1. Out of V120, V150, V85, any idea which swings most in a Gaussian network model of the chain, alpha carbons joined below 10 Å?
2. How are the alpha carbon pair distances in the stretch 93-190 distributed across 10 Å bins from zero to the largest one, expressed in percent?
3. Just to confirm, what accessible area per residue do you get for the chain at 1.4 Å probe, in whole Å²?
4. Mean residue ellipticity at 222 nm from the helices of the chain, using -39,500 (n - 2.57) per DSSP H segment of n ≥ 4 over the full residue count, to the nearest 500 deg cm²/dmol?
5. Among 17-24, 86-93, what's the highest-first ranking by average C-beta atoms within 10 angstrom per residue?
6. What are the ³J(HN,Hα) couplings of the stretch 43-60, residue after residue, when phi is run through the Karplus curve with 6.51, -1.76, 1.60 and θ = phi - 60°? Round to Hz, x for glycine and proline.
7. Over the chain, what percent of the accessible surface lies on carbon and sulfur atoms, probe 1.4 Å?
8. Based on the Cα atoms of the chain, what semi-axes does the equivalent ellipsoid have, where each is the square root of 5 times one gyration tensor eigenvalue, given in whole Å with the largest first?
Amino acid sequence: IVADSGIYGESLAKSFERKARELNIKIKGKWTFEREDTRLGENLSQITAQLRSMDDPGMIFCATYPSEGVKILTGLKYPATPYAVIGPDSFTTALFIENLNQYLNERTAPGYYSDGVHAVSFFMADISKQKALQFREEYRSRYKEEPSWVAAAYYDAMQIAARAIENAEIEGEDIKKNRRELRDALVKFN
């Protein structure tokens with residue numbers, strides 16, 4: 001685990017460690033750094049050097065923001081080094097791609113640094129079904145930008161709420177009864 005020592009990285013690392021324990025996955029090491037440290041570049045270089053010196057570091061989980069994640073990836077890469085990396089949602093952002101594309105090797109051979117990187121994403125419009133594609137097009141038309149995962153999550157939540165209201169077949173003015181019927185309709189979803 002390579003983690004930013006701030007709230008974001010620490011939270012991700014703790015969650016990862018907890019789940020790894022539940023699944024009996026051995027964590028070989030954990031390295032942390034501070035984003036605001038004036039020696040950030042040196043610290044990241046030391047971390048990647050230690051990872052490169054290991055016989056088999058296994059899967060590397062980066063609990064970092066995009067810019068530090070890119071520095072770690074580029075520090076790990078040298079010929080014949082197929083490191084497997086797991087990144088958080090920050091690795092699915094445009095900023096991550098922009099930071100990667102600052103490196104000539106990534107621009108001339110896309111995937112040079114990013115091959116072998118697996119990242120978590122809440123919403124991937126390019127592989128979504130028809131309703132999600134329709135949402136994306138309507139969002140882009142209205143707001144002149146790509147929808148974020150937050151917008152997609154709200155869209156999903158509203159779709160579920162609307163379907164639950166339909167399924168609850170709410171009648172009358174009894175709010176308590178209506179809420180109970182709505183809750184029951186939500187519980188029936190799989």
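The values are calculated or read from the model by the stated rules, or taken from the named source; none is laboratory data. All figures in this text were calculated on a predicted structure; none of them were measured in a lab. Cβ sites come from the backbone with ideal geometry, for glycine too, and all protein chains shown count toward neighbours. Only protein heavy atoms, including side chains, enter the accessible area calculation; ligands, DNA and RNA are left aside. Shrake-Rupley method; radii C 1.70, N 1.55, O 1.52, S 1.80 Å.
1. Largest GNM mean-square fluctuation: V150.
2. In whole percents, the pair-distance histogram is 13, 28, 25, 19, 9, 6, 1.
3. Working: 13020 Å² over 190 residues.
Value for the chain: 69 Å² per residue.
4. Values: 8 runs with 100 residues, N = 190.
Here the helix-only value at 222 nm equals -16500 deg cm²/dmol.
5. Working: 17-24: 10.4, 86-93: 20.2.
Going from most to least packed, we get 86-93, 17-24.
6. 4, 5, 5, 5, 5, 5, 5, 5, 5, 5, 7, 6, 4, 8, x, x, 6, 9
7. On the way: 6770 of 13020 Å².
Of the solvent-accessible surface of the chain, carbon and sulfur hold 52 percent.
8. Details: eigenvalues 334, 93, 42 Å².
Taking √(5λ) for each eigenvalue gives 41, 22, 15 Å, largest first.
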